[in-house]
Amino acid sequence: MILQEYLETLINCSKKNIDDFSGLFNKLLINIQNVIDLDLLYSNVSVKLNQSKDSEKIKNISLFDLGVKRKIKKNSLFIQIDEDYKRFFPFILLREALYCFVPQAIAQNQTIRIIINLILEFELEKFRHLDEWKLIYQEGFIELNINSPIFHTIDKFLRPDGLNLSESSIRFFFEYLRDSIQLITEAKESFRDNLIKEYILRTSRFIFNDDIIEAIRILIEIFCKVKNYKALIEYQNYFKEFKQNDKISTDLSLRRFTEGVKWINEVSFISPTYEINWQLIDIGWYSCSLTFHPAINKKKIDRILKKFPFIISPRSSPGKFSYAISFWLISPKIYEKDLIRFIEKLEEFGYIINKTLVFYREFYNNSINLNYFRNFYKRGRLINPNHPNYDEKYEISFENNYGSQRLQRETSLLDTMILENVSQWNIVAIGFERRTNVFRLLKSRIIYEILSQKNLIKNIKKKVQIIQDNDEIIQFFITLLENNKKFGFFYIKEYLEGIKKYLELVDKILSQNADIKNVFQFQEFIKKKGIFNKLDESILFNRTQLKKDVFNRFIPLYYSNFETYKKQLNHISILTDLFNYCFKLKIFNINALMRIIEDKSLSEKIYIKKQEKLDHIRKNIKKRKITGTVVDQTIEEFYNAKPPLLIPYMVNTLNTSNFAKYYLELILKCSPEIIKILSKIKIYFPRFIFEYGLNPFTKKRNIIIKIYIVNLNSVEKELLISIFFNFFKDEIISIKRYFFDGFVDLPEIRSYYDLESQSFFYTKDLFEQFFHYVKTVLGNQFKPIKETPIRNQNIFWTSTSNLDKLINNVEDRLSRQQINFNAQKLKELESFHSNLENIILNIQNFKQVKKSNFFKQYIKSIKFIPNFHNYGLSHYFLYIRPLDVNQIDFRLLFNNTFQKIKFQASIDKSQSFFISYFFPFRTPNTTYINWLSKSKRIILEYCIFYIKTIYYILNFHRNLDSNGWDLDHKKFKTHIQQILFNPKFKKQPLEIKTFELREPSKFQFLGPDIPNFIKLNSIYRTESIDIKSIVGTKKYSQEKAIIDLLNDKHIFPYLKLKNLDFQDKIYIILINLNKETIEKIIRIFKFF
């Protein structure tokens, strides 16, 4: 507990006057400071009781500031607490004390304040006014449209049972706030999810323990046999019984097993989950992958994905201009035909060039190899089943064959709540804890669901009445709908939200800058100081229609008729709320919305009818008490059904993504032979999932495979894909890597549950209106593109089909690594990099440096880049993706100046290539490429370019310390935003080495016979020679060539490093860049 010895005093402070109010508060601050191990954010905090007359009483405008008035002056905080809230003093004092550790920049964040309120409830659970306090907040959450029950699911995070570890989790919470200020400011909506994911990843490091893993294995085995978990005492009895009867085999004693289970419950994220056979309750689970037309901007695709109905965990595949995505969909089956038709229309309009959809899941297998968590396993390796410590009993596999029957009962709201809770992480749902917590949570969710529906109806009624009673708003509304009806509901909603946010920012700027007198001055202001400071906002507002309306309509109106401007801003706010309420009520039809506005009697009838039904539902729920018996009986009924609706699962909450970060998805044709191969090879990987079902477009069964694997380098990736190719050959549809963090965010299935009809809601308007939106965003139809499958994939892959070879290659690479992040050595390395050319030129000095510890530790080789421009040549790079690889003559494509070729570690209908050549300066031989693209028209994507300038950054002090790399993508995003939107942003200076590949002199004789070219030819063929193996040795002629070329600045040396845990190279091709953009990109990559 945070309060410790102050708890009793704090609780009693509402019963009597406190003589030393500030003294108690300061002791509380010190105690919290000791618990969370963080400094107070204010130099001075003063608390006093406000006992003034009613006219001077504190007026609260925020639920989260109840009874308090605050004032911040410089770095001092002054708090007044209203005496009228005396009965809530413990809550208020503790809340204000916790607020003192929240940075001011995020102090108003609603999610943070909700979580702090939960901390109050947990810490003061014995306080007699707790229920009254909860009631105030519950009603406030409903009014503010806050889904409070989703926050109650993180009580596991805030208050573990048994081991009194709340201090550590709360410490983590406040540490996270300090480390993620910018991120929290930018991503308010995803803050809770990010917090939970970070907690799961952090705690998952402690699971690598043999006793814990053995306890997990036994838990899974018992749980799958008995199918439920109610209390630890039951499992202790099961353990004794099963061990005595030889149903389980283990060296664990009962005491060690009990300790392991307690740890799992109190510290980890693991829970006794169930797999849900969704089809039995008319819900479909679909796997979908789409490849968009290469001409479609990624920003537009992201807009669509954010609004795609029923989408779960979208993930993208890198490597092409065509944006490839994979995702799951979970929806009422009644939408199945609409979904299929929607994807077909995407293809008909040319928006997508490839598609796969698998539904009617027939079989599912999720396998996890717990050997990866045991003490003998060395991190980063692939496990060898022949290792002497390897044990087959830790190969855990869940599998199920799904029936197509329907559950013979109607699904209630309680049923949907239970189903949502039994399939997720312990931290957000049911875990190995007291059942009373679960019942409390379920009851809270059901009450909230009904109250929020009731509040939603009340709010929409209020907004409609405001519109109906105001002719100006009605006209504004009708004009808006008539002008935008063809764009659909989703576009109008997005437009209103965007214009509202845009105008709020504009209004703020104009009100704070009275010297801006007209549109021109406002535009000049924006050019100098900007208007946005977030990537998402910039992308949102970089839309033609929004900008056009703001600058051509609203800003001129601001100056010509301020009163009318304010009225229209108010109209937009009202209509934005209306569309949000309609979205929640699933009213997507524009005509229906217009009828509700135009016909007062119709809208009134709808409200009355809905209100009566909700009241009836609430009465029925009150009659049916939600007790432990009811919940357990429901769960039991579900797992005993024939076929079962719930199947004991649990393996899905064992996290592997903290070390298995390389994620592959394979789509194969389904056959018994393929399934046999999959069953054999799955043990090699930390997590291996496969399922099969029907593809409605091909009318054939496909297998979808998802593999979580440790990071591999490029050679190992090629070997892995070669192995898969040789296993599956012509049965392969695609093999792709996707960016995915491993967290599957299940939707709230009750969002389409109709409380009135006690069934899942359907409207044909959903996908119809969504396609209107898609057409509006993506524009006119594209000419359909058809890729021809590659007939001979053998040209890309080796003949290897032995996974043991891959295991040995990874083992060999890692065994030669000696990872070390010594601060002094890294400093010496940076100094060496800064003076590299001068050190090499001083041969004796270079010989001494080669003997130093940092050199031996970190320098793999010293390579160089030639300045071919001095010889009238350019090093060109061609990226190309053919529509039909079969028609490519690679002899003509490579020609006699070909240097290297790279291609993706993936298999698809086509393949993309990255090829390097030497050509005469600015005169590339593109004859064959032009013929393929313009005459044959079989090139989908290509670009060719040469290098003019090279920027080399070597930076360790920002992202590397003795504990390893700290390359948080969220911090990188914050860094990008600072560069793009904050003109005052300055990072400490960082050296960038620049190598200009200047143009050849018009007065210089160029050709292969000049001395420097002959020297270069002796040390460079298809790639550079290693300078460290030449300079300072007896290879004098090559050494002289290097020294001469360095002196003449004809080569640019650079370091290739080792033992720093680098994984692979990443190539990013950005086209059509201007000078200003290039400068920003350089500043952005200073992050690394």
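Just so it is clear, none of the values below were taken in a lab; they were calculated from the coordinates. Because the structure is predicted, anything quoted here is derived from the model rather than measured. Neighbour counts run over all protein chains shown; Cβ positions are idealised from the backbone, glycine included.
How big is the Rg/Rh ratio for segment 878-936, C-alpha atoms only, Rh by Kirkwood, two decimals?
Radius of gyration relative to Kirkwood radius: 0.96.
Which length gain, in nm to one decimal place, applies between Tyr762 and Phe562 when the Cα-Cα distance is subtracted from 0.36 nm times their residue separation?
So the extension gain works out to 67.6 nm.
Per DSSP helix of 4 or more residues, -39500 (n - 2.57); summed, then divided by the residues of the chain. What does that give at 222 nm, rounded to the nearest 500?
-14000 deg cm²/dmol
Among Ile888, Phe551, Phe685, whose Cα projects farthest towards the positive end of the dipole of the chain, with charges put on the beta-carbon of Lys, Arg (+1) and Asp, Glu (-1)?
Ile888
Separation between the Phe903 and Lys680 pseudo-spin-labels, each 7 Å from Cα along Cα→Cβ, expressed in nm?
Here the modelled spin labels are 2.7 nm apart.
Quick one: which residues, 5+ away or cross-chain, put their amide H under 5 Å from the amide H of Ser313? H built at 1.01 Å from N.
Asp745
Loop only by DSSP, 13 or fewer other Cβ within 10 Å of the Cβ. Give me the trypsin sites (Lys or Arg not before Pro) in segment 1026-1088 that pass, ordered by residue number.
Loop-located and lightly packed - Lys1034, Lys1049, Lys1065.
If we count other beta carbons within 10 Å of each Cβ, what is the order of Val35, Val810, fewest first?
With the fewest neighbours first, Val35, Val810 line up as Val35, Val810.
Starting from the Cα gyration tensor of the chain, multiply each eigenvalue by 5, take the square root, and state the resulting semi-axes largest first in whole Å.
Semi-axis lengths for the chain are 51, 38, 36 Å.
Could you tell me how many degrees, from 0 to 90 and to the nearest 10, lie between the Cα long axis of helix 89-99 and the main elongation axis, the longest principal axis, of the Cα atoms of the chain?
Long axis of 89-99 versus the principal axis of the chain: about 10 degrees.
At 0.36 nm per residue, and after removing the present C-alpha to C-alpha distance, how many nm does the segment from Arg70 to Lys619 gain when stretched out fully?
Here the answer is 193.4 nm.
Below 8 Å between Cα atoms, with a sequence gap of 6+, how large is the relative contact order for the chain in percent?
12 percent
Translational diffusion coefficient, Stokes-Einstein: compute it for segment 776-911 using the Kirkwood radius over C-alpha pairs as Rh, at 25 °C and 0.890 mPa s, and state it as an integer in µm² s⁻¹.
Answer, rounded: 116 µm²/s.
Tell me, what ³J(HN,Hα) does each residue in segment 695-705 have, in order and in whole Hz, if you take phi through Karplus 6.51 cos²θ - 1.76 cosθ + 1.60 with θ = phi - 60° and put x for Gly and Pro?
Taking θ as phi minus 60°, the curve returns 8, x, 7, 9, 6, 10, 7, 10, 9, 9, 10 Hz for segment 695-705.
Provide the FRET efficiency to the nearest 0.05 for the Asp246-Gln848 pair, computing r from the beta carbons and using R0 = 60 Å.
FRET efficiency, Asp246 to Gln848: 0.30.
Can you run the Rg to Rh ratio on segment 470-598? Use alpha carbon positions and the Kirkwood inverse-distance Rh.
0.99
So, in nm, how far is label Asn792 from label Lys936 when the simple model puts each one 7 Å beyond its Cα toward the Cβ?
Taking the simple label geometry, Asn792 and Lys936 are separated by 1.4 nm.
Please order Arg217, Arg791 by the number of other Cβ within 10 Å, starting at the fewest.
Arg791, Arg217
Got a sec? How would His616, His129 order by Cβ neighbour count within 10 Å, fewest to most?
His616, His129
Mind giving me the nanometre distance, one decimal, between the label points for Ser714 and Glu991, set 7 Å out from Cα along Cα→Cβ?
With each label point 7 Å from Cα toward Cβ, the separation is 2.7 nm.
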